[in-house]
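Enquirer: Here it is, the structure in full.
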Amino acid sequence: MGRRWFSVYLLCGLGLAVTTVVAIIAVQIGYVGDEDNPFRALGERDVLAAVKLSLWTSTLAASLALVVAVPTAYALARWRFRGRFLVDALLDVPIVLSPIVIGISLILVFRSTPGQWIEHHVVRFVFEVPGIVIAQFVLSLAMQVRVLKAGFEDLDPRFEQVARFLGCTPFGAFWRVTLPMCRASLVAGFVMGWSRAIGDFGATVTIAGSVANKTETIPVAIYNNLSTVKIGKALGLAILLTMIAFVVLTVVRVFGARRER
Amino acid sequence: MISVRGLVASSGPFRLRPVDLEVGAGELLVLLGPAGAGKTVLLEALLGMRPIHAGAIVIDGRAVTTTPPEQRHVAYMPQDVALFPHLSVRANIEFGRRVRGQHAGLAADVDRIVESLGIARLLARPGVRSLSGGEAQRVALARALVTRPRVLFLDESFSALDAHIRQRLLHQFRALQQELGLTAIYVTHSLGEAAAVADRIAVLIDAGLVQLSTPERLFREPRDLRVARFLQLDNLYAVGALDGAQATIGGVRLTLAAAPAVAGPAWLAASAGDLMLVHPGDPAVATNLLRGTIAGLDRRHGHSRARIAVDADAGGGGGGGGGDGDVVLECELTARDRLVLGDDLTAGRPVTIHVPPAAVAVFPEVTA
């Protein structure tokens, strides 16, 4: 393939990808029904409740997942042990699985004897808000481990070795050198995990149901409004979700670019 | 300062043969050897970064064989320097002291060391990414020295630099190391670097420590053929016959300074810089006068070298014997040679070459 054709090939790919995403966003914003204006629906009480619920559950789930993902990803990146590839593949399963399967699995977990004990003595998950958090946590964790592991693997262990000779304990080297040097991966991992959490429908609806004003996250509310032919409201929420994703991803990229400089 | 006894370390399938080593306080020991000889494995084993299967390491009277790196109070400077890119130049240099909570006198120590290394102007830099190779090496050296280590370990630390910067930095480092009385172990594969800075050189070949001696002695008395080949000694020949202080190479008999104690096959080497072209009747030299012809001239690295094919019937005075023409000796040409013999030192000219007995090193082909 000549240089010119190769450039055409690249341009076609880039153009098609951008057009697809722009079209998805444009058709949402372009929809203005006489009675069902999507922007008017954004101020309604149940919509605001869904937004609030989605924001805090996804942030909590992604934060908890980050706490677990950091040591998991670091261990997978640095330790060499028998069965490492198996563990690595296992942790990727939630990325590939349909979220509904994860939701079903979580329901089965909380139907088991230990799960029932937790439900009765610690906190209720099934058809409750904590169920949303745990579903989002599982999805977010897999994503964050993937991104963070790549970041830790990219970091030359020599930096940590030098830090040890400068007086750091293994944890000290990790805290003072590894984590700051992997800051971009940490932010990227958290945002990817958070995006996965806030956008989830299948796992959330399976374990927590779709109780209005209780377990109705933005994706669940979109589905519920579509089912009841409230197109404007569904689209308003869809636009909001799209805007949140776009703003967050843009901020992360700007932050990343600044760090690089 | 450092005592190593029977140390056996490994890196994957590579395993060092047992190493015994003593390094004195304030000494700069160079670990020298070809690529793959085990220099870095030995250094990393001394640092505690490699599994140790046997032996013991004592630093400053304290057994540290299994001590974690941060408790050894030694500094390590790898080839890629590994400056922390998220910290400023000053924060990099102060890192070790701050981690250990040793803030007293830190500013003064930093100022003194950066002044000695000529990098005071870099202290205000907010990051290390913009530093040149030489600057980064100096900052890394300052970072190591500020911790006041008991021993400084350097792994090919200056090898990636341009020759002139490396040379300057090596001299700067050597001066500072002597001024501070710092014990240092420096790994390199470069003979020039080793000879320029070492108090003693430890030669590693084929996963074993083969020889440990001063640079002068190393080049004068290589332990065996492997060392001589690695050191690229001049005029390396298998000794045909060894009879007391007489050695014969390719039919040419040479008188040695003393009878060498070599059992089994022997080799000899003679430094090209020590060999001299002389007038046949020069009364100042009586031994090892060999007649021959200039086979060629080499002009490299600013030196001229003549390759002298020793005559098959070269009946030299004193101990010189008849050769069969297989012996070609390399001789460094000096201004004196040109003064004495004239400027027409060209290929084909008959000459007489003197091999001073003290310039000849005889050593075994192999040692245990």
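The values are calculated or read from the model by the stated rules, or taken from the named source; none is laboratory data. Values in this document were obtained by computation on a predicted structure and should not be read as measured data. Methodologically, a virtual Cβ is constructed for each residue, glycine included, from the backbone with ideal geometry; neighbour enumeration extends over all protein chains shown. These area figures cover heavy atoms from the full protein model, side chains too; ligands, DNA and RNA do not enter into them. Shrake-Rupley method; radii C 1.70, N 1.55, O 1.52, S 1.80 Å.
Enquirer: Other chains' Cβ within 10 Å of A:155-164 residues: what's the mean?
Expert: If you average over the peptide's residues, the count of other-chain Cβ atoms is 6.
Enquirer: With only alpha-carbon atoms counted, please give the Rg and Dmax of the protein assembly as shown, in Å.
Expert: Calculated on Cα positions, Rg and Dmax stand at 36.7, 122 Å.
Enquirer: Moving on. Assign unit charges at the C-beta atoms only (+1 for Lys and Arg, -1 for Asp and Glu), then state the dipole size of the range A:37-260 relative to its Cα centre in Debye, rounded to the nearest 20.
Expert: Computed about the Cα centre, the dipole is about 320 debye.
Enquirer: Additional query: How well do other chains shield peptide B:77-89, expressed as the mean number of their Cβ atoms within 10 Å of each residue Cβ?
Expert: Counting other chains' Cβ atoms within 10 Å and averaging over B:77-89 gives 4.
Enquirer: Report ³J(HN,Hα) in whole Hz for each residue of the range A:132-146, in order, from the Karplus equation J = 6.51 cos²θ - 1.76 cosθ + 1.60 where θ = phi - 60°; Gly and Pro get x.
Expert: Per-residue couplings from phi come out as 4, 4, 5, 5, 5, 4, 4, 5, 5, 4, 4, 5, 5, 4, 4 Hz.
Enquirer: A follow-up question, please. Could you give me the ³J(HN,Hα) list for the range B:174-185, computed from phi with Karplus coefficients 6.51, -1.76, 1.60 and θ = phi - 60°, whole Hz, x at Gly and Pro?
Expert: Couplings: 4, 4, 5, 4, 6, 4, 7, x, 7, 7, 9, 10 Hz.
Enquirer: A further question follows. Of the residues A:G202, A:G83, A:G151, which exhibits the maximal mean-square fluctuation in a Gaussian network model of chain A defined by a 10 Å Cα contact cut-off?
Expert: With Cα springs under 10 Å in chain A, the top fluctuation among A:G202, A:G83, A:G151 is at A:G83.
Enquirer: At 222 nm, what value in deg cm²/dmol follows for chain B if DSSP H runs of at least 4 each add -39500 (n - 2.57) and the sum is divided by all its residues, to the nearest 500?
Expert: That comes out to -7000 deg cm²/dmol.
Enquirer: Further question: Based on Cβ point charges of +1 for Lys and Arg and -1 for Asp and Glu, what charge dipole magnitude is obtained for the range A:125-240 about its Cα centre, in debye rounded to the nearest 20?
Expert: With only Lys, Arg, Asp and Glu charged at Cβ, the dipole is about 140 debye.
Enquirer: Rounded to the nearest 20 Debye, what is the dipole magnitude of the protein assembly as shown about its Cα centre when Lys and Arg each give +1 and Asp and Glu each give -1 at the C-beta?
Expert: Roughly 1960 debye, rounded to the nearest 20.
Enquirer: If you don't mind, another one. Name the long-range amide H neighbours of B:L277: under 5 Å, sequence gap of 5 or more, or other chain; modelled H, no Pro or chain starts.
Expert: Close amide H contacts, sequence-distant or interchain: B:H354.
Enquirer: Projected onto the charge dipole of the range A:84-235 (+1 at Lys/Arg Cβ, -1 at Asp/Glu Cβ, origin at the Cα centre), which of A:L179, A:A203, A:V229 gives the Cα projection farthest towards the positive end?
Expert: Towards the positive end, the residue furthest out is A:V229.
Enquirer: For B:W267, A:W175, A:W5, give me the order by solvent-accessible area with a 1.4 Å probe, most accessible first, ignoring ligands, DNA and RNA.
Expert: Of B:W267, A:W175, A:W5, the descending order of accessible area is A:W5, A:W175, B:W267.
Enquirer: Continuing with the same structure: Out of residues 5 or more away from B:R349 or on other chains, whose amide H comes under 5 Å of its own, with H placed 1.01 Å from N in the peptide plane?
Expert: Those lying under 5 Å, H to H, from B:R349 are B:I294.
Enquirer: Based on the Cα gyration tensor of the range A:37-260, what are the three equivalent ellipsoid semi-axes, each the root of five times an eigenvalue, rounded to whole Å and given largest first?
Expert: Ellipsoid semi-axes (Å, largest first): 35, 23, 13.
Enquirer: Projecting each Cα onto the charge dipole of chain B (Lys/Arg +1, Asp/Glu -1 at the beta carbon, about the Cα centre), which of B:A25, B:I205, B:V110 comes out farthest on the positive side?
Expert: B:V110
Enquirer: Which of the lysines could a cross-linker span from A:K214 if the Cα-Cα distance has to be under 21 Å and same-chain partners fewer than 8 positions apart are dropped?
Expert: Candidates past the 8-residue exclusion: A:K52, A:K230, A:K233.
Enquirer: Quantify how strongly other chains surround peptide B:69-76 by giving the mean number of their Cβ atoms within 10 Å of each of its Cβ atoms.
Expert: 5
Enquirer: Averaging the inverse of every distinct alpha carbon separation and then flipping it gives the Kirkwood radius. What is it for chain B, in angstrom units?
Expert: Roughly 23.2 Å, rounded to one decimal.
Enquirer: Using the Karplus equation 6.51 cos²θ - 1.76 cosθ + 1.60 (θ = phi - 60°), what ³J(HN,Hα) coupling, rounded to whole Hz, does each residue of the range B:340-348 give in order, writing x for Gly and Pro?
Expert: Once θ is set to phi - 60°, the couplings for the range B:340-348 become 6, 9, x, 7, 7, 7, 10, 4, x Hz.
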